[in-house]
Amino acid sequence: MTEDRRSPFRDAQLDRETAAHIPDTPQTRSPSYRLAFADSDFLLRDEMRPVRLQLELQKVEMLLDQYGIDSTVVLFGGARIPAPSERHTARTETLAELSHFYDEARDFARLVTRKSKATGNRERVIVTGGGPGVMEAGNRGAADEGGVSVGLNIVLPHEQAPNPYVTPDLAFNFHYFAIRKMHFLVRACAICVFPGGFGTLDELFETLTLIQTGRMRRVPFLLFGRAFWERIINWEALSEAGTISADDLDLFRFVETAEEALEIIETWDAAPPRAEIPDR
């Protein structure tokens, strides 16, 4: 039992190690005899889903607390957007044209991390989905500056690994999208969304909904690339139809460059969560 434990009870890790060296008998070979917390077959049963949800929430929370991270700047964006030097590999000409946003994401993360390092890597730490494209650019910019960054990966049917720029101790892997989304936002002091696909749109609209409905306080919410976003989403049509309020269009700002985004974040006048939804 380690000396720094507050509990007087026997350490669970010690019991797990002890149980691994018990006599081999029909009874000890039975799955029923395994320690419940060390029995992966038991933990993976459908009935244990609530426990697994809690574990994914708690593990990341504890490790981020242990690392001393108090606030984050979130970068959402497409996994398929290549670095400019790799634009020839893009599937479409549009993706190739969007490759400059890789550099903007990288520059933005570098500028944010420069200020984050002054806080001991506690405030405004870059967090991405941990994958390629814009996500890689965000983690790469933080690494360029010698700071730390978080990568929140998720298990997908195709093989995936964290991009090599995520701080190793802050590389996480999820089974549940819902818990991963909570960790994107629970420490977020700014949201930056770069061009992307379904995943990016999902994260964009879910976060806007939380802010719109007052479930989350207003933070700088920046969309990089006005031309892209106005081409794929008719924001004004939503307002004119009355499905959103005209005031909802003020929940986000369009930006084009890393410097512009940083200036908005630096001068942001913090507002409390909405008490009511306009026009409802």
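Looking at THR119, THR113, which one is among the β-branched types (Val, Ile, Thr), within 21 Å of ALA261 (Cα to Cα) and either over 17 Å from the mean Cα position of the chain (by Cα) or surrounded by fewer than 18 Cβ atoms within 10 Å (Cβ to Cβ) (or both)? Outline the logic, then answer.
Values: THR113 fails: either over 17 Å from the mean Cα position of the chain (by Cα) or surrounded by fewer than 18 Cβ atoms within 10 Å (Cβ to Cβ) (or both).
From the options THR119, THR113, the qualifying one is THR119.
Condition first: free of Cβ contacts under 8 Å to residues at least 12 places away in the same chain and either farther than 19 Å from ARG274 by Cα or not in a helix (DSSP H, G or I) (or both). Can you find one or more residues in the range 214-223 that meet it? Give the steps one after another, and end with the answer.
First, pick out the residues of the range 214-223 that are free of Cβ contacts under 8 Å to residues at least 12 places away in the same chain: none.
Among the residues of the range 214-223, not one is free of Cβ contacts under 8 Å to residues at least 12 places away in the same chain and either farther than 19 Å from ARG274 by Cα or not in a helix (DSSP H, G or I) (or both), which makes the answer no.
Mind checking which residues of the range 160-183 are closer than 20 Å to LEU53 by Cβ, touching a helix residue (DSSP H, G or I) at 6+ places or on another chain (Cβ under 7 Å) and either not basic (Lys, Arg) or not in a helix (DSSP H, G or I) (or both)?
Taking the range 160-183 as the starting set, the residues that turn out to be closer than 20 Å to LEU53 by Cβ are 172-183.
If we keep only those that are touching a helix residue (DSSP H, G or I) at 6+ places or on another chain (Cβ under 7 Å) as well, we get 172, 174-176, 179, 181-183.
Result: PHE172, PHE174, HIS175, TYR176, ILE179, MET182, HIS183.
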Check: Of all residues in the range 236-256, which are out of contact with any helix residue (DSSP H, G or I) (no Cβ under 7 Å at 6 or more places or on another chain), assigned to a helix (DSSP H, G or I) and farther than 12 Å from LEU208 by Cα?
Finding: GLU236, ALA237, LEU238, GLU240, ALA241, ASP247
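A quick yes/no check of all residues on (1) of a type in the set (A, V, I, L, M); (2) closer than 20 Å to PHE174 by Cα:
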| residue | (1), (2) |
| --- | --- |
| HIS100 | no, no |
| PHE108 | no, no |
| ARG114 | no, no |
| ALA118 | yes, no |
| ASN121 | no, no |
| GLY129 | no, yes |
| PRO132 | no, yes |
| ASN153 | no, yes |
Notebook entry, point to check: Name the pairs whose Cβ atoms lie under 9 Å apart, with the first residue in the range 5-28 and within 18 Å of ASP39 (Cβ to Cβ), the second polar (S, T, N, Q) and surrounded by 10 or more Cβ atoms within 10 Å (Cβ to Cβ), and 6 or more positions between them or separate chains?
Noted result: ALA19/THR28; ILE22/THR28
Note to self: Yes or no: the range 149-159 includes at least one residue that is hydroxyl-bearing (Ser, Thr, Tyr) and part of a loop (DSSP other than H, G, I, E, B).
What the structure shows: no
Note to self: Can you tell me which condition ILE265 does not meet? The list is (1) within 21 Å of LEU210 (Cα to Cα); (2) in a helix (DSSP H, G or I); (3) over 22 Å from the mean Cα position of the chain (by Cα), and all the others hold.
What the structure shows: (3)
Item checked: Selection count, the range 250-267, where residues are under 11 Å from ASP107 (Cβ atoms) and either of a type in the set (S, T, N, Q) or touching a Cys at 6+ places or on another chain (Cβ under 8 Å) (or both) -> 2
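Do we have ARG87 as within 24 Å of the chain's Cα centre (by Cα) and either loosely packed, with under 11 Cβ neighbours inside 10 Å or of a type outside the set (Val, Ile, Thr) (or both) here? Can you show your working first?
Details: within 24 Å of the chain's Cα centre (by Cα): no; either loosely packed, with under 11 Cβ neighbours inside 10 Å or of a type outside the set (Val, Ile, Thr) (or both): yes.
So ARG87 fails the test.
Read the figures in this text as sums done on the coordinates, not as results from a lab. What you are looking at is a predicted structure, and each value in this text was computed from that prediction instead of being measured. Virtual Cβ from ideal backbone geometry, glycine too; neighbours counted across all protein chains shown.
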